[in-house]
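We did not get these values from a lab; they are worked out from the coordinates using the rules stated. All of these numbers come straight from a predicted model, not from anything done at the bench. Quick reminder, even Gly has a Cβ in these numbers, built from the backbone with ideal geometry, and neighbours come from all protein chains shown.
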Amino acid sequence: MQSTATPTHCPYCALQCGMNLTPTPDGTVEVSERTDFPVNRGALCGKGRTSAAVLARDVRLTSPLVRDGGGTLVPASWDEALDRIAAGLGRTRAEHGPDAVGVFGGGGLTNEKAYTLGKFARVVLGTSQIDYNGRFCMSSSAAAGIKAFGLDRGLPFPLEDIPKSGCVILVGSNLAETMPPSLRFFTELKENGGTLIVIDPRRTKTAEHADLHLAPRPGTDLALALGLLHLVIAEGRVDEEYVRERTAGWEDARAAAMAHWPEYVERITGVSVPQLRQTVRMFCEPESAMVLTARGPEQQSKGTDTVGAWINLCLATGRAGRPLSGYGCLTGQGNGQGGREHGQKADQLPGYRKLDDPAARAHVAGVWGVDPDSLPGPGRSAYELLDALGTDIRSLLLMASNPVVSAPRAAHIEERIRSLDFLAVCDVVLSETAALADVVLPVTQWAEETGTTTSLEGRVLLRRRAITPPEGIRSDLEVLHELAARLGVEKGFPTDPEEVFEELRRASAGGAADYSGITYRRLVEENGVFWPCPATGDAVDEGADARPGGPTGETAGDGPDTQPGSQAGETQGEHPGTPRLFLDRFATPDGRARFVPVVHRAIAEEPDDEYPVLLTTGRVVAQYQSGAQTRRVAELNAAAPGPFVELHPRLAARLGAAEGDPVAVVSRRGRAVAPARITNAIRPDTVFMPFHWPGEGRANTLTNPALDPTSRMPEFKACAVRLEAVER
Ligand code: SF4
């Protein structure tokens, strides 16, 4: 056992705070501060600080489970469990074809796992039906970024640029709760004389730090951004030279914005004309300014257009691709960035390549040693895939996701999952989704494995193994290796993360998200490397054989003795990585950013007489995503023990509800009940529920799966509900 601290990163959100792990006698680790990582400089939120609690044997899975004849999950050997999965998936494939087998991944998987899962789906199963829960997080921003800039990297600049900017507009981000250590970048912004504008229907903990808080009606951020652009034009604040030199498509976007005059926008959003004018002044007057979006504007059925409208504002004012300025997305999940780059997304191959691009297929097929024509085409997006369970898709392999809690219209999705012929789940705990499985495999956690993640900055990081996993636990890579072998592919699925990363480098080479110049050695020495980072010289051995059956198909251990970088080619004149994108040109064919003309439209489900109130959903500081891990941590549960319905005193009075009274929230999709939390910090026409809990208070029972036409993002952030008092 190692006794010294291992520097690594947090298992939870996309900030990927640095932390040190020291083994403890009970086989888990002690988490302590790590001050050499510049993003958090030792600070950790409660989730990161308590993350070791999920390593304890009494909260985690310690043995494979299989469903017995009586329908109960019982412990089984690894061989029995793996045999059952191979038989279940294989039977479906034989009887109904490869697309009847689905694969669902997660934004928490390391790059190596996400890459291998995508390869497994396409090479071993031959299915097009793979997507992941990151579709529910950042996909609208990704789609808008690609349209405008030709590239999606959440933040095109490091967080350290924020304090030096003149003004930041935060749209729909409550980072004071979701990633608290990041708040310091914004307090430093203010200390340096910059200003912070927060746009959120609720006066959140983040909004309390703002110089100006705008509280638009949920689902109207698109109109708000258009109204601001209208004022920019009307007040003569367009950077004409920048628009001429660095963009295309301005006239159409300009015309669209001119149709959104301030009084009209005030009527739609509830944000007053003076506040709109003040926002434009604060944003335009400094030399530099940024817009950062998060789930608020993105999780809408018009999320891509909404983000596009904010990007248009940045382009018209000459902010994008200039120092200390621009548009960025605050990615949420731990590997939300890398997880969307390397092939677990329905339409994508590694390196952010498109599955329908013949050249991309040929390149990746070459690395994988398969015929490009054997690769399936694009599949369904996450919600559509889940909605097809039990009908078109008969068996599912699911990793690192808990859609029974996190998917929209969750009762329907739970019913779809129950209707499957066969479900296999790999997870660290018995999540609500795992509890429905035919086979559950217990897998290693972040402290027990090595692998890379890519943070919200686009910085590729190395998480390092600090302890040996308990007996009975295997890594996701080992699971995929074993399943591939059982399904007839003996080689090409290494279990050593660094070996997988070396293959990923080759697969990503030349792609938009080019990792080919990044090695484990560099990640250690440089504390992370920003992509794109193409290889120079012989850093990537193009001749290396990663085909199924080639030498990289050999397995190797992932023990604590593994030396990160031991396989990496060391090359003079390495590419330094790219902390800041677009300073010279955008990633479009002509180097110009594209304005995308967008116009306001209503959310998919406006309130009416039957459902007169808006519901918006979100997060609390002490829980993470579906809560599968954090609900098992006593300290976090004490801080955030259950769901609640946040509502304005006027709404509470109409309902006759007092603080703590149970309130039923009813939508066209179902009913959820949770205690009232009465506050002036929310609009009187809106209620808020956090979505971390299953059962009676499950917020996603209510949410609307109306999809964005481009990103296929469901509309988590706004739907129509009614409130009912509950007798107890
Ligand atoms: S902010 Fe995010 S990465 Fe940092 S400690 Fe908290 S959960 Fe972990």
- Note on the structure: Among A215, G670, L396, the residue whose Cα sits farthest towards the positive end of the charge dipole of the chain (+1 at Cβ of Lys and Arg, -1 at Cβ of Asp and Glu, taken about the Cα centre) is A215
- Expected sort for 219-231, 380-392, 311-323 on mean C-beta neighbours within 10 Å, highest first, is 219-231, 311-323, 380-392
- In segment 613-725, what is the volume of the convex hull around the alpha carbon atoms, normalised per residue and reported in Å³? 103 Å³
- Item | With 10 Å bins from 0: P(r) over segment 355-459, alpha-carbon pairs, percent | 13, 30, 32, 24, 0
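Looking at the chain, what % of its DSSP beta bridges pair antiparallel, to the nearest 5?
For the chain, the DSSP antiparallel bridge percentage is about 45.
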- Query: Normalised by the number of residues in segment 139-330, what is the relative contact order in percent for Cα pairs under 8 Å and 6+ residues apart?
  - Reply: 31 percent
- Note on the structure: Measuring from its Cα centre, segment 6-55 shows a charge dipole (+1 at each Lys and Arg Cβ, -1 at each Asp and Glu Cβ) which, in debye to the nearest 20, is 180 debye
- When a/c is below 1.5 the answer is rounded, else prolate if a/b is larger than b/c, else oblate, so apply that to segment 188-249 with a ≥ b ≥ c taken from the square roots of the Cα gyration tensor eigenvalues. oblate
- Task: Would you list the membrane-span-like helices of the chain, meaning whole DSSP H runs whose alpha-carbon atoms span at least 18 Å along their axis and whose mean Kyte-Doolittle value is at least 0.5?
- Result: 221-234, 303-316
- Message: For a bin width of 5 Å, list the pair-distance distribution of segment 24-150 built from all Cα-Cα distances, rounded to whole %.
- Response: 2, 8, 10, 11, 16, 17, 13, 10, 8, 4, 1, 0
- About its Cα centre, how strong a charge dipole does segment 35-173 have in debye, to the nearest 20, once Lys and Arg get +1 and Asp and Glu get -1 at the Cβ? 260 debye
- Item | Reachable lysines, given that their alpha-carbon falls under 26 Å from the alpha-carbon of K47 and they are not under 8 places away in the same chain | K113, K205, K717
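Only Lys, Arg, Asp and Glu count, each charged at its Cβ (+1, +1, -1, -1), so figure out the dipole size of the chain about its Cα centre, rounded to 20 debye.
1560 debye
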- Message: If the reach is capped at under 16 angstrom between alpha carbons, list the lysines near K119, excluding any in the same chain fewer than eight residues apart.
- Response: K345, K354, K491
- Query: Does segment 139-330 come out rounded, prolate or oblate, given a ≥ b ≥ c as the square roots of the eigenvalues of its C-alpha gyration tensor, rounded meaning a/c under 1.5 and, failing that, prolate meaning a/b above b/c?
  - Reply: rounded
- Query: Based on the Cα atoms of segment 6-55, what semi-axes does the equivalent ellipsoid have, where each is the square root of 5 times one gyration tensor eigenvalue, given in whole Å with the largest first?
  - Reply: 18, 12, 8
- So how do 133-145, 258-270 stack up, highest first, on mean other-Cβ count within 10 Å? 133-145, 258-270
- GluC sites (Glu not before Pro) within segment 584-649: DSSP coil, no more than 15 neighbouring Cβ in 10 Å: E610
- Query: Computed over the Cα atoms of the chain, what is the ratio Rg over Rh, Rh following Kirkwood?
  - Reply: 0.95
